[in-house]
Each structure stands twice: as structure tokens, then as C-alpha cells.
1. Within the stretch 261-292, track down each residue that is among the hydroxyl-bearing types (S, T, Y) and either at pLDDT below 90 or closer than 10 Å to V240 by Cα (or both).
2. Among what's in the stretch 1-25 and is among the charged types (D, E, K, R) and under 18 Å from I160 (Cβ atoms), pick the residue that is modelled with the lowest pLDDT.
3. If I filter the stretch 85-105 for residues that are loosely packed, with under 15 Cβ neighbours inside 10 Å and assigned to a helix (DSSP H, G or I), do I get at least one hit?
4. Pick from G167, G82: which is part of a loop (DSSP other than H, G, I, E, B), of a type in the set (G, A, S) and either crowded, with 18+ Cβ neighbours inside 10 Å or modelled with pLDDT under 90 (or both)?
5. Which of (1) touching a Phe, Trp or Tyr at 6+ places or on another chain (Cβ under 7 Å); (2) assigned to a helix (DSSP H, G or I) does L50 not meet, given it meets every other one?
6. Kindly list the number of the only condition in (1) under 19 Å from L121 (Cα atoms); (2) within 19 Å of the chain's Cα centre (by Cα) that fails for L168.
7. Right, R117: part of a strand (DSSP E or B), closer than 21 Å to V191 by Cβ, of a type in the set (K, R) and assigned by TED's automatic domain parsing to the domain that holds V22 or not?
8. Assess whether S139 counts as being in contact with a strand residue (DSSP E or B) (Cβ under 9 Å, 6 or more places away or on another chain), closer than 17 Å to L88 by Cβ, modelled with pLDDT under 95 and in the same structural domain as V77 (by TED's automatic domain parsing).
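The values are calculated or read from the model by the stated rules, or taken from the named source; none is laboratory data. Nothing here was measured: the structure is a model prediction, and the numbers come from that model. All Cβ positions, glycine included, derive from the backbone under ideal geometry; neighbour counts span all protein chains shown.
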Amino acid sequence: MSTELLVETHGLVKEYGNFVAVDGVDLRLSEGEVYGFLGPNGSGKSTTILMMLGLTEPTEGTVRVCGHDPTRDPIAVKRQVGYLPENLGFYGDLTGRQNLQYTAELNNLERTAARARITDLLDTVELGGAADQPVAQYSRGMRQRLGLADVLLKEPRLVILDDPTLGLDPTGIEWLLSMIEELSSQRNIAVFLSSHQLHEVQRVCHRVGIMSHGRIVLEGTVSELTSQSRGAGFSTALEVRGGRGLRDALAAIEGVTSCEQTGSRLSVESDRDVRAAAAAVVIEHGGELVELRSENRTLEDIYLRYFQQD
């Protein structure tokens, strides 16, 4: 993966009167990287995206996108960045092909080359058979596919996707996630993915940033977030026959934060892998270990646990 930075922000702040929507955000995004941008409604995600696109001006801090300042040179940014908003705006009485031709004209693309590219993109997003149907007849999934073709028309270096799987059926979601992986791995396009679908983000994103009250409160790979997030870590389940004082003995293991027992089942939460120590404790206390299972934290576990405690 290239190390060239396409997005770089330092101390990014956006205030609306006395309300601070974005409060000191630092972001880095390199070519070919897929970055998941998460957070509840009102956390500052959309405002951050608007500043990256040059659609609103920062109150403080700096932002560079593809080497340009979006506030001073928004046209240069738009030439290299594709943006797929949550609510797509196409002309319903025009066909899919005609909508893309209109976009090509707005971007001053050479007509002959644009026509060939439009045909290729419609095939890529599997709309070749519906290219000459009015968009008003398109389903939500077909509109999303057309939206992605529209974004890719100008061959961007960076694609910003705002909840792109919203309203899609499982087949459409699978197709879109596969396309995101292809953009990253085969075309070296950076993808900035703002989403509420945590399991989808976990599948395709190299790194994740979680926003809360205008700040990035957690950032890193999913495994890194496990160690950063409060209360997160390792979860170990044991099924035991016999033994005495196991709950207290397991709770005393270094790194264990809690231990609960229900009949023969014990659930151990810890900030490190304690499986070997837990097995040894069971044997030392006269128990028979029937089952030991370690459960990795998912992004949803980390996200929900953080905001429950926050």
C-alpha cells in the first residue's frame, strides 16, 4: 500500500455559534486504504466530511485532501474526490446512461472518451441491461450502483461513501462491499466509509475511527481498538464439572476484570488472554474442564460498550 497521504487534518474544529460540532479532529488516510468513520448521529461525522469536500469552512485547524486545501481550492479537490451521499439525486426522467453523460459534461470530460467509460462503468456496476431505462424505474439498489458509477466516472483517487448500504438487500450489500475491496486492492483508491453498519465496516476497513461529541475517541484497527476501549478485551467462557471456589480463584488471575458464574458455566472478562491460567486454576481447584472458549471482541462490542459507559 502506498504511503502517500490523501487526507490529512490537524486540529480540525467547526463551530456554529456556541455549539462545537467538530472539536480538534486529526485524520490520516493513505492511497488504497479503507477507513471506517463511525459514531452516533450528531457526533460530527457529516460536518467533518463537509469540511473535507470544501462545502463548509473550518473554524480552526487545517485540512488537506489530495494535496489541496478544500476551502481555498475546492474545484481541485472535487476533480480527485468522488462523493456518494446518503440521499442520491438523479434525474428520474433521464436514463442511467443520460445521468452519467450529464455528470461527464459537468466535469468537462471529453465526450468520446466519456461515452466509452460510461458503458464500461455501467457494465462494472451490473447495470448494462438497465442503462437506457429511466432512473425513476430503478430500485434503491440500482440507484446505489448508478451512484457508484457516477462517483467513479472521473477516476477519483479518493471515494467518500456516506452510509452506502442503507436500504440495500443482502445481495446488494455483498456486491457493494466487494466493490469497496476491489477499489482498494486493485485500483489503489482510498475509501472513506461513514456507516452505522458495524459488521460491514469491520469486514472491509483497514482502520476505524469512532466519533463522539465532535472528537475521535477511538482509532486504529479492530484489534487495536480492543485494547484501547474501556472495558473491552478478552472474553473467556468455561464449562466446568466440580471444583471449589472457582469463581474467586479465576477472579484473582492477573488481568481479569470480572468473573461471573451460572451453574457450571463461568464467564471471565480480562484485558489479556488468560486461557492457560484459567485452565490451570480449574485443575488446581479440583475441577474438570469440559469446555474453554475465547470470544474475540467485534467492532459492535467495542462500539456499544464504549457508548454505554460514555
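1. Once the filter is applied, which keeps residues that are among the hydroxyl-bearing types (S, T, Y) and either at pLDDT below 90 or closer than 10 Å to V240 by Cα (or both), the stretch 261-292 yields S264, S270.
2. E4
3. Yes, the stretch 85-105 has at least one match.
4. Just a single option satisfies the conditions, and that option is G167.
5. (1)
6. Among (1) under 19 Å from L121 (Cα atoms); (2) within 19 Å of the chain's Cα centre (by Cα), L168 violates only (1).
7. no
8. The answer is no for S139.
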